[in-house]
Amino acid sequence: MADSSFDIVSKVDRQEADNALQQTAKELVTRFDFKGTDTTVEWKGELNIEITSSTEDRVKAALEVLKEKLIKRGVSLKALKAGDPRVSGKEYKINCEFKAGIAQDQAKKINKLIKDEGPKNVKTQIMGEELRVTSKSRDDLQDVQQLLNNADLDFALQYVNYR
């Protein structure tokens, strides 16, 4: 019987993030506490979002609304890196960035965790910004997924190509 495998990746579902952004923009227009503050939220590039408002409090509140919407859409907040509010002319801005891909040191950390605490007959292989996990037993692969879900990692993980 051939080995079963899956890939560990860290990426953001751009469509879900876009849906969350659209819902946030809609809520900012309709909510009473944002009236007259010219609060906006918009994409700046592929994985960057800019939140703009006339006051520091409202820009922070808009960030909280965006986070709520991301959670509801199933996008992990571990993938979102929000900067501090900064003054730009007469308005305040927060730049947010989605982190995608597993860095080499993060891949090594996952690899070490699987080797130390995971099933013994599981093999891992770092492939660029992904990590492939293989085993003869699908149960072992599920154990690895459970181990990683319970681990307190500071980045979001998804499992793809389960074979």
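The values are calculated or read from the model by the stated rules, or taken from the named source; none is laboratory data. These figures come from a predicted structure and were not determined experimentally. Every residue, glycine as well, gets a Cβ built from its backbone with ideal geometry; the counts of neighbours run over all protein chains shown.
A few comments on the model shown:
- Of all residues in segment 105-134, those that are without any contact (Cβ under 8 Å) to a residue 12 or more places away in the chain have Cβ atoms under 9 Å from Cβ atoms of residues that are charged (D, E, K, R) and part of a strand (DSSP E or B), 6 or more apart or on another chain, in Gln125/Arg132.
- Only a single criterion out of (1) surrounded by 13 or more Cβ atoms within 10 Å (Cβ to Cβ); (2) touching a strand residue (DSSP E or B) at 6+ places or on another chain (Cβ under 7 Å) is not satisfied by Leu147, namely (2).
- Qualifying residues in segment 50-68 (those that are among the polar types (S, T, N, Q) and part of a strand (DSSP E or B)) - the one surrounded by the fewest Cβ atoms within 10 Å (Cβ to Cβ): Thr52
- Gln125 being assigned to a helix (DSSP H, G or I) and not basic (Lys, Arg): no
- Residue list for segment 69-111, filter: in a strand (DSSP E or B) and not charged (D, E, K, R): Leu80, Ala82, Val87, Ser88, Tyr92, Ile94, Asn95, Cys96, Phe98
- The set of residues from segment 128-163 being within 23 Å of the chain's Cα centre (by Cα) and assigned to a helix (DSSP H, G or I) comprises Leu141, Gln142, Asp143, Val144, Gln145, Gln146, Leu147, Leu148, Asn149, Asn150.
- Considering only residues in segment 112-122 that are assigned to a helix (DSSP H, G or I) and charged (D, E, K, R), the one that is nearest to Val9 (Cα to Cα) turns out to be Lys112.
- Scan of segment 6-49 for residues that are small (Gly, Ala, Ser) and either in a helix (DSSP H, G or I) or surrounded by fewer than 18 Cβ atoms within 10 Å (Cβ to Cβ) (or both), ordered by number: Ala17, Ala20, Ala25, Gly36, Gly45
- From the list Asn149, Asn121, the lone residue that is closer than 13 Å to Ser4 by Cα and either at pLDDT 85 or above or not aromatic (Phe, Trp, Tyr) (or both) is Asn121.
- Taken over segment 69-119, the criterion of being on the phi > 0 side of the Ramachandran plot and surrounded by fewer than 13 Cβ atoms within 10 Å (Cβ to Cβ) is satisfied by Gly74, Gly89.
- Within segment 10-33, restricting attention to residues that are touching a strand residue (DSSP E or B) at 6+ places or on another chain (Cβ under 8 Å) and at pLDDT below 90, the residue that is farthest from Lys90 (Cα to Cα) is Ser10.
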